[in-house]
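Accompanying notes for the structure given below.
What follows draws every value from the coordinates through simple rules; no lab data is involved. As the structure is a prediction and not an experimental result, all values here were calculated from the model. Counting neighbours? That spans all protein chains shown, and the Cβs are built from the backbone with ideal geometry, glycine included.
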Amino acid sequence: MRLAFRFALESDKITADGVEVTSFPDLARRYRISSVPKTVVGEGLEFVGALPESQLLQQVQQAAAAEPGTIT
Amino acid sequence: MPLISDDVAAQLREEFQGLLNPVRLVVFSQALADPEAAQVKRLVEELGALDPRLSVETANFVLDKQRVEALSIARIPAVAILDAEEDYGIRFYGVPSGYEFGTLVEAILDVSRGDSGLADETRAALSELPRPVHLQVFSTPT
């Protein structure tokens, strides 16, 4: 979560929500949260566990390069 | 009885010596209808009282529509972490307890310093992103 916040701090193109998901069962269902930490990048990329900085960057770049709605 | 114990408060005061610029914590709640939101409001108010460089603002999620829209608040309880002038798009939703309380404190310190601490290559790559990306990191209390 801290790395996501740091990405948001660095770039005005990035926004980051840290979500304590037990407060939001609707989100848990919507994003199929069964293990944490789970990160959803943009509209469709997602991963479980903590990624190093370089790999989170790759995910962000991939999400930013995709046309909205094209990642499934 | 405070939510932040005396021991933790003392430790946080020490950590907040590392604050550089003022940080604004905007808490969105609807306290009467939501005990969890009331807890977050109380927790952030206690946190804000630990250092004069921290300020806490509270907003009602239902009544204060202008601020809800301005800060793109999607649900409550929510905490927006901003500096005096800029909104970096950093939000915490839910109750920041356990490990994530530490994450909130770290975010406050990072925003205050205005420095992401990321590697130069990462900074360069992020400056060239072609379009916005929204990150959502889900956790549970630990």
Of B:ALA119, A:ALA66, B:ALA80, which is farthest on the positive side of the dipole of the protein assembly as shown, counting Cα position, with +1 on Lys and Arg Cβ, -1 on Asp and Glu Cβ, and the Cα centre as origin? A:ALA66
Report ³J(HN,Hα) in whole Hz for each residue of the stretch B:9-26, in order, from the Karplus equation J = 6.51 cos²θ - 1.76 cosθ + 1.60 where θ = phi - 60°; Gly and Pro get x. 4, 5, 5, 5, 4, 5, 4, 6, 4, x, 5, 10, 9, x, 10, 9, 10, 9
Residue-averaged 222 nm ellipticity for the protein assembly as shown, from DSSP H runs of 4+ at -39500 (n - 2.57), nearest 500: -11000 deg cm²/dmol
Under the 7 Å Cα-to-Cβ spin-label approximation, B:GLN39 and B:ARG53 lie apart by a distance in nanometres of 3.0
At B:ARG123 and A:GLU43, where each label point lies 7 Å from the Cα along Cα→Cβ, what is the point-to-point distance in nanometres? 3.2
Quick check on the exposure proxy: order B:VAL68, A:VAL48 from fewest to most C-beta atoms within 10 angstrom. A:VAL48, B:VAL68
State the three equivalent ellipsoid semi-axes of the stretch A:1-47, derived from the C-alpha gyration tensor as the square roots of 5 times its eigenvalues, in descending order and whole Å. 21, 11, 9
GluC sites (Glu not before Pro) within the stretch B:43-142, DSSP loop, no more than 13 other Cβ atoms inside 10 Å: B:GLU85, B:GLU86, B:GLU128
Treating only the Cβ of Lys, Arg, Asp and Glu as charged (+1, +1, -1, -1), what charge dipole size does the protein assembly as shown show about its Cα centre? Round to the nearest 20 debye. 580
For the protein assembly as shown, just run the numbers: alpha carbon Rg, then divide by 2.2 N^0.38 Å, N being how many residues it has. 0.99
Histogram of C-alpha separations across chain B, 5 Å bin width, %: 2, 9, 18, 21, 21, 15, 8, 4, 1, 0
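What's the exposure ranking of B:MET1, A:MET1, going from fewest to most Cβ atoms within 10 Å?
B:MET1, A:MET1
Counting other beta carbons within 10 Å of each residue's own, what order do B:VAL105, A:VAL40, B:VAL62 fall into, fewest first?
Lowest count first: B:VAL62, B:VAL105, A:VAL40.
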With +1 assigned to the C-beta of every Lys and Arg and -1 to the C-beta of every Asp and Glu, and no other charges, what is the dipole magnitude of chain B about the Cα centre in debye, to the nearest 20? 460
Amide H proximity to B:ASP83 below 5 Å, modelled H, separation 5+ or other chain, gives B:ARG24, B:TYR88
